[in-house]
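Right, one structure below, let's go through it.
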Amino acid sequence: MRIQISGKHIDVGDALRTHVEKQLKEAVGKYSVGERPLDANVTFSKDGFEFICDISVYLSTGMNAQAKGRADEIYDSFEGAVSRMEKQLRRYKRRLKDHHKDRVDPIETIGAPSYVLAPSSDVEADEPESLQPIIVAEMETKIQTLSVGEAVMQMELAGAEMLVFRNSSHGGVNVVHTREDGNIGWIDPRNMK
């Protein structure tokens, strides 16, 4: 497993690197599926007096799992994040194995542009000068080909509110999202009349 450990305005020492590598390999190793290599990114940052640890693990099945920990001590922030990661992987271990037992290759992805739009600065204006939004950032997003069940699992593993994916049964673009009532919504434009 390849682990990249970095700090945002924090010097990550050798002792912390060794601790992170050992603990993360042990935690993710219990739940790894398949023989393909795994990648992990661990980023430490500081917000006021708190340390924040973000862990993102690319699983051998093509799924991504993410967890975040916050604490007054840097080691405690990592321990909180890795325990959340373990809990997610433990919850989905059976489903990860079941969904991918016949899959030879990792989940297929395609690139799509992703934009961050600036809010209107003049709320009082009745008519905007232009109908074109102001683009603050442009980046590429990966859209995975998944079943609906895999998409819900990926959304929950990533801790996201919404996931856009290509439905593996018909190839169309679908969306799953967390509704205000706590249930999961599924949007399939192909079924619209």
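The values are calculated or read from the model by the stated rules, or taken from the named source; none is laboratory data. Everything numeric in this text was worked out from a predicted model, so none of it was measured. Cβ placement follows ideal geometry from the backbone for every residue including glycine, while neighbour counts extend to all protein chains displayed.
Any idea which of THR109, THR145 is surrounded by 12 or more Cβ atoms within 10 Å (Cβ to Cβ) and at pLDDT below 85?
Exactly one residue qualifies, and that residue is THR109.
Of the residues in region 4-30, how many are exposed (fewer than 13 other Cβ atoms within 10 Å of the Cβ) and free of Cβ contacts under 8 Å to residues at least 24 places away in the same chain?
Counting residues in region 4-30 that are exposed (fewer than 13 other Cβ atoms within 10 Å of the Cβ) and free of Cβ contacts under 8 Å to residues at least 24 places away in the same chain gives 7.
For region 137-192, give me each residue that is over 22 Å from LYS93 (Cα atoms), in contact with a Lys or Arg (Cβ under 7 Å, 6 or more places away or on another chain) and not in a loop (DSSP other than H, G, I, E, B).
Listed by number, the residues that qualify are ILE143, VAL173, GLY185.
Could you say which residue among VAL57, VAL82 is touching a helix residue (DSSP H, G or I) at 6+ places or on another chain (Cβ under 7 Å), surrounded by 20 or more Cβ atoms within 10 Å (Cβ to Cβ) and part of a strand (DSSP E or B)?
VAL57
Please state which of the following conditions ALA65 fails to meet, knowing it meets all the rest: (1) crowded, with 18+ Cβ neighbours inside 10 Å; (2) at pLDDT 90 or above; (3) of a type outside the set (D, E, K, R).
(2)
Answer yes or no as to whether ARG91 is of a type in the set (Lys, Arg) and modelled with pLDDT under 70.
Spelling it out, it is not the case that ARG91 is of a type in the set (Lys, Arg) and modelled with pLDDT under 70.
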